[in-house]
Amino acid sequence: MKKNSMYSRYIRLRRRFGAFWNVIAGFIFICLVFLSGIAGYMWIEGWNLLNSFYMVVITLSTVGFMEVLPLSDQGRLLTSLLILGGVGGFAYLIGAFSQLIVEGRLQVYLGRRRMKKTIGTLRDHFIVCGYGRIGAIVAKEITESDYDVVVIESNPDIISKLEGRGVYCIEGDATKDGVLKSAGLDYAKSLIAALSEEAANVYVTLIARQLNADLNIVARANDSSHISRLEFAGADRVVLPHTIGGMRMAQSVLRPAVTNFLEIAMQGKIDLQLEELFVSPSSEFAGQNLIESQIRPRFNLIIIAMKKSNGEMVFNPGPNEIIEAGDTLLTVGKTSDLSLIQESL
């Protein structure tokens with residue numbers, strides 16, 4: 001039982017240090033040879049610590065200096081073993097380090113360290129947990145909207161591909177507190193739990209809500225019966241990909257023109273965009289109705305709905321509908337016009 005425990009610890013250490021294990025093992029071996037040599041000279045020859053230390057240094061460095069004191073036969077045997085062990089250990093260490101450089105693993109390690117530092121400076125970014133079929137699409141859409149995205153994925157092959165494309169990513173289990181914090185959870189704007197396992201999404205949602213009470217969380221569910229579970233865990237919105245896909249296919253048959261128009265608009269094939277515009281307390285529109293705001297003639301934008309600060313949705317608002325601070329305007333218009341109105345919000 002004890003042997004199995006030691007072996008499992010050894011395996012965990014190798015996995016933890018990965019490509020650097022050979023370098024670490026070589027360094028540990030050199031240290032053991034060094035300490036064994038000091039202890040051997042003190043025990044066999046009866047030398048003090050300084051003489052033993054100096055003898056080991058000149059022996060392992062192979063500088064060819066004279067012996068500190070005359071050696072006995074046992075001392076010469078120890079010196080021979082030190083030379084063999086030291087030269088072999090240094091050769092192994094140099095080979096392991098050269099392998100790191102040749103295979104590019106050192107560059108990968110340094111690149112990951114730089115990426116972690118950059119992720120630590122991000123603010124109002126999006127965290128995507130899981131880079132499967134759903135997570136990949138979510139990350140792509142957010143990135144194309146010029147927002148920062150950090151992907152958390154446990155598959156090392158996927159992580160390597162993301163690093164090669166310059167995508168911010170963290171390798172690890174998204175259900176771990178430390179992994180979520182390393183992705184900048186404290187300063188993130190939203191988290192998308194897109195893991196394939198339902199229980200994992202619930203756990204991620206629960207942890208994220210505990211660590212950041214103000215975080216906007218969107219979670220994936222595979223069954224409608226699990227929506228309440230995810231909402232209870234802290235999800236602001238639960239999405240059922242299969243249901244959305246089925247509804248989209250049905251709409252493509254029932255209302256093909258509308259569906260085609262929305263697909264063209266969402267894919268950016270025409271200069272038309274659906275956007276949310278938040279009205280700040282200092283906005284010039286706060287306290288005005290839609291006619292007074294002159295949003296349509298000034299910016300050529302159509303207000304299709306208003307989300308009030310209390311969560312109420314007003315669809316197709318009338319001209320006398322008051323715009324209040326904290327409201328969110330759902331608008332349709334050109335990208336350039338949407339950029340212009342941002343200055344007035």
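Miscellaneous remarks
- From Ala221, Ala199, residue being surrounded by 21 or more Cβ atoms within 10 Å (Cβ to Cβ) and either more than 16 Å from His125 (Cα to Cα) or modelled with pLDDT of 90 or more (or both): Ala221
- Of all residues making up the range 125-161, the number that are under 15 Å from Thr175 (Cβ atoms), in contact (Cβ under 8 Å) with a residue 60 or more places away in the chain and part of a strand (DSSP E or B): 3
- Of all residues in the range 289-306 being of a type outside the set (Phe, Trp, Tyr) and surrounded by 17 or more Cβ atoms within 10 Å (Cβ to Cβ), the one that is farthest from Ile341 (Cα to Cα): Met306
Yes or no, residue by residue, for (1) at pLDDT below 90; (2) of a type outside the set (A, V, I, L, M, F, W, C); (3) outside the structural domain of Asn222 (by TED's automatic domain parsing):
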{"residue": "Gln251", "(1), (2), (3)": "yes, yes, yes"}
{"residue": "Phe261", "(1), (2), (3)": "yes, no, yes"}
{"residue": "Ser282", "(1), (2), (3)": "yes, yes, yes"}
{"residue": "Gln294", "(1), (2), (3)": "yes, yes, yes"}
{"residue": "Phe299", "(1), (2), (3)": "yes, no, yes"}
{"residue": "Asn310", "(1), (2), (3)": "yes, yes, yes"}
{"residue": "Thr328", "(1), (2), (3)": "no, yes, yes"}
{"residue": "Val332", "(1), (2), (3)": "yes, no, yes"}
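- Within the range 244-258, the presence of a residue that is more than 30 Å from Ala194 (Cβ to Cβ), assigned to a loop (DSSP other than H, G, I, E, B) and either more than 31 Å from the chain's Cα centre (by Cα) or in contact (Cβ under 8 Å) with a residue 40 or more places away in the chain (or both) is excluded.
- Sole residue being modelled with pLDDT of 90 or more, farther than 30 Å from Glu275 by Cβ and of a type outside the set (A, V, I, L, M, F, W, C), chosen from Lys161, Lys176, Lys140: Lys176
- When the range 224-240 is limited to residues that are among the small types (Gly, Ala, Ser) and free of Cβ contacts under 8 Å to residues at least 24 places away in the same chain, the one that is farthest from Asp124 (Cα to Cα) turns out to be Ser225.
- A Cβ distance below 6 Å, combined with a sequence gap of six or more or placement on separate chains, defines the contacts here; from the range 91-118, residues that are aromatic (Phe, Trp, Tyr) reach residues that are at pLDDT 70 or above and surrounded by 14 or more Cβ atoms within 10 Å (Cβ to Cβ) in the pairs Tyr92/Gly26; Phe97/Val23.
- Check on Leu340, part of a strand (DSSP E or B) and not hydroxyl-bearing (Ser, Thr, Tyr): no
The values are calculated or read from the model by the stated rules, or taken from the named source; none is laboratory data. The structure presented is a predicted model; accordingly, all values stated were derived computationally and were not measured. Every residue, glycine among them, receives a Cβ derived from its backbone with ideal geometry; neighbour counts consider all protein chains shown.
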